[in-house]
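See below for the structure under consideration.
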């Protein structure tokens, strides 16, 4: 057996229960079955796994998910062996799934993209929330609710509810050239809903609808025009027409060889009946199949046409050169109306025909584009005349055209047809046809003068009946009245009309045929059931006159001295008959009678006889019942060619008997006069027949006998002398034993079909069946073994009735080789699994090989180590890293010594943990301004050295940089970086910015943000040491002057700008006046001042890159009066 799992535990989680147990240490272990019930004492049901195996799992944990909160379940686990053995189920463990009361987080990355080829379609995409709304792990996601609003003011309405694995939605049936906004929220199985996230506005594609549609009436037509659509995607327009303003509008096919009606902004709808009121709409057609909405409708009415078309012209009539029934008529259409004016319409033509000098009658109405007509089914060698009339849609008909005529080609009809009566035949003759194209004649026959005439086949190997002017229709029944017509056959398939009919009646035949001659009867030399009869036909009637008819023969047969009876009816051309299914060693007599079509029969021929060949049937059959068999015997058949006997068996004497195989090879059952049938089922009644077999024949089967085999209820004796020997160089054991020779108790051996081999590991007390071996073998090689392991064996014998002997004495042997490691265990971690095992105590130990598979029962591959050895590792543990979260992997381990490698151990499995640990926050965030570039700052920081919980760092793939204008302001993401530095550009000079950085790993886990760093950009330096001096001349005619001076700014200064105002403490630019000139000098004189006024001045520097410094603080000065 295999031990039951122990140490079951159950961990309650939201919506699921995690069951785990201690691994079963057994080399035959294949996996585990997990059972669940709502009660601890009964009703356990096996749970299906997801690993593709026949059992629930190959791991020592199982997650029972998708459970309702508060659900209480009980579990048991059972070990499954590779040999099909199952352990007892474990003790139960109970668990209760927790309720989910936390809503999912908000869906991310919501986008809406209009389809460029479908005006009514927008594709919405999003990402699922990575956590619950409170930032904890996502406890469940059941689906999403998608909402939509039209325009900027429309209310959000539900579009659809979607499954949890949906990440996009195609919204169809929308209006073209319309803006839509979308929102989405997530919900879990417990009904918790996230907040909504709203997309920006998205406008559907489209093309404008044509406007200003107008309709103008015309004679037999309506002209439409509309305003051009202004769109780069425009390719053309479709025009739609209806007979009602609210009816169904159908697209009109244009004449520009394009898929739309027209590429212009006008369209003429012509060939209309006068007074027809029609309604029209127009649609613009864009590239990629985009179409606009239909325009508003307009209507128009075609004016009536009262002028008839002119007469058709150039009428010609051409007879076919190959078909005597066809003439081709051709013409041209009129180009003017009957009055000579422009033609206002043409709807078709009426074609009229006259035969000979007869009157014209209409034969066809043709369309306006017709210019030719093939007139068929005409009479050959006949004159026909033709004329045409043109008409328009309003029923106006023109005058007849001039007529034209032609005569059809043909072959003359045969004349002078005659029919002459004869016995069983009729002779037909006629006058010859004088025609150079004549090939021959077809003769037609009917049973009524007005019936269907069918052409007769001739005997001249031609396609027609005859090339002569006579024909004999023979093999007719006397008194048959028949009617005949003849047709002449010309070259190139031309034929004449059928002639007038003639009739005749074949005379009756009242004379019987003569007697068949030269009858012979020949028995087959190889087939005891076959005789061949041969004869010759009579050459005259019974009266000695010419043979008037022979329809067939009647063959008569008699067995022994019995009376002749009919055996077969044969055709007139038969000259031999093989009579089969006869009895062997039997005398048969034969005679024949000839008969004709009128029932006249000849006298019987002389009788001839012959005896069939054969073999004597076996006699004296006996059947003797035995245990599991029936013995059949019979008397010897005395035949020099005898080679053996066939024995046949059936379950009923009246059913089919089947030949039995025996010791005579493939040609017969046995060469003896006895046969032992040991293939019967005890208690069933069987029936037997026997046939003798020679080198070429088999006799009839004998009369049947029956027998019933007795039941075998005694087992064979136990096998003995069991010898078990382990191989010195391979992991295998050879077994041999002495077979059972008697039944248990010492009686004769009544049956032996096979042996059952038993094997146990490390003990003779727990042996399990290993294999069943045919009774013809007393040796076995066991190869499915583990190295360095002691195995115990025993063997039993079994007969055909299922009786099993006691087991033999047990014998044991220890296999050669190296023992596999024990206590192999696997523990899952983030992106890795650690495998460990118990150390081997072998002195020549070199190391261990670790094997891995995605399934517990197959496909294991050896892992390469990092120690530079030919084996995986020299330690008793191995870390399999760089794995993907959620992977389930299984491991086996082998021992490597100087002598070789052991078998692989029992497996253990583990699940790679998902990385849900965020990195720690980046540290030492700092920044520096860039000399010479006041719009840029260079940031740097130190990468985290651990995860946020202090555990080993599982990875950092990216950094996000955030910026704010104040230390406590709103931080916005400005960039991401895969390195620990970033240059922020496009900034304002001499401005302080505040930064924070966060780290992300490959699984999207986000670290806390770093501490805040404040960094100030460089810029153009302020002028310093600003001084103001006012001078007021004594003469009032001279202006006062204020002189401004300062110390120059550092850097490449292009100019200094000086401004003044009379408003104290003003920060409004419009209050200031520029003091010119703006140059690089550090002094400036202002002579635009007024006595008795106080002025305020400010200065700034501008460098060669037109970057400006800040304004200096204002300084004031009062100009004295």
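Here, each number is a calculation from the coordinates, and none is a lab measurement. Nothing here was measured: the structure is a model prediction, and the numbers come from that model. Using ideal geometry, Cβ is built from the backbone for each residue, glycine included, and neighbour counts are taken over all protein chains shown.
Here the spin labels are modelled as points 7 Å beyond Cα on the Cα-Cβ line, and at residue 1066 and residue 723 they lie 12.7 nm apart.
Computed from the alpha carbon atoms alone, the convex hull of the stretch 353-455 holds 190 Å³ per residue.
Normalising the Debye intensity of the stretch 847-907 to I(0), with uniform scatterers on Cα atoms only, and taking log10 at q = 0.12, 0.13, 0.19, 0.26 Å⁻¹ returns -0.29, -0.34, -0.70, -1.18. When the inverse distances between all different Cα atoms of the stretch 6-96 are averaged and flipped, the Kirkwood radius reads 13.3 angstrom.
The Cα atoms of the stretch 760-870 cover 61, 33, 24 Å along the three principal axes, with the biggest extent listed first.
Cα convex hull, the stretch 968-1121: 144 Å³ per residue, rounded to a whole number. Averaging the Cα positions of each part gives two centres, and for the stretch 604-629 and the stretch 227-251 these lie 97 Å apart. For the stretch 1017-1052 versus the stretch 951-965, the spacing of their alpha-carbon centroids is 51 Å.
Treating each Cα of the stretch 720-814 as an identical point scatterer and summing with the Debye formula, the log10 of I(q)/I(0) at q = 0.15, 0.21 Å⁻¹ comes to -0.57, -1.01.
Ranked by the mean number of other Cβ atoms within 10 Å per residue, highest first, peptides 130-140, 749-759 order as 749-759, 130-140. Taken over the stretch 313-407, the ratio of Cα radius of gyration to 2.2 N^0.38 Å equals 1.11.
Note on residue 335 and residue 50: the model spin-label points, each 7 Å out from Cα along the C-beta direction, lie 8.4 nm apart.
A simple packing score, the average count of other Cβ atoms within 10 Å per residue, orders the peptides 771-777, 514-520 as 514-520, 771-777, with the highest score first. Separation of the stretch 70-132 from the stretch 254-283 is 60 Å, based on Cα centroids.
With semi-axes defined as the square roots of five times the eigenvalues of the C-alpha gyration tensor, the equivalent ellipsoid of the chain measures 100, 78, 24 Å, largest first. To two decimal places, what compactness ratio does the stretch 1054-1121 give when its Cα radius of gyration is scaled by 2.2 N^0.38 Å? Output field value: 1.14. Once the convex hull of all Cα atoms in the stretch 572-700 is built, its volume per residue stands at 163 Å³. All Cα-Cα separations within the stretch 81-201 were binned at 5 Å from zero, giving a P(r) of 2, 10, 18, 17, 13, 9, 7, 5, 5, 4, 3, 3, 2, 1, 0, each value a whole percent of the pairs. The listed peptides 629-636, 1011-1018, ordered by packing as a protection proxy, come out as 629-636, 1011-1018 (highest mean of other Cβ atoms within 10 Å first).
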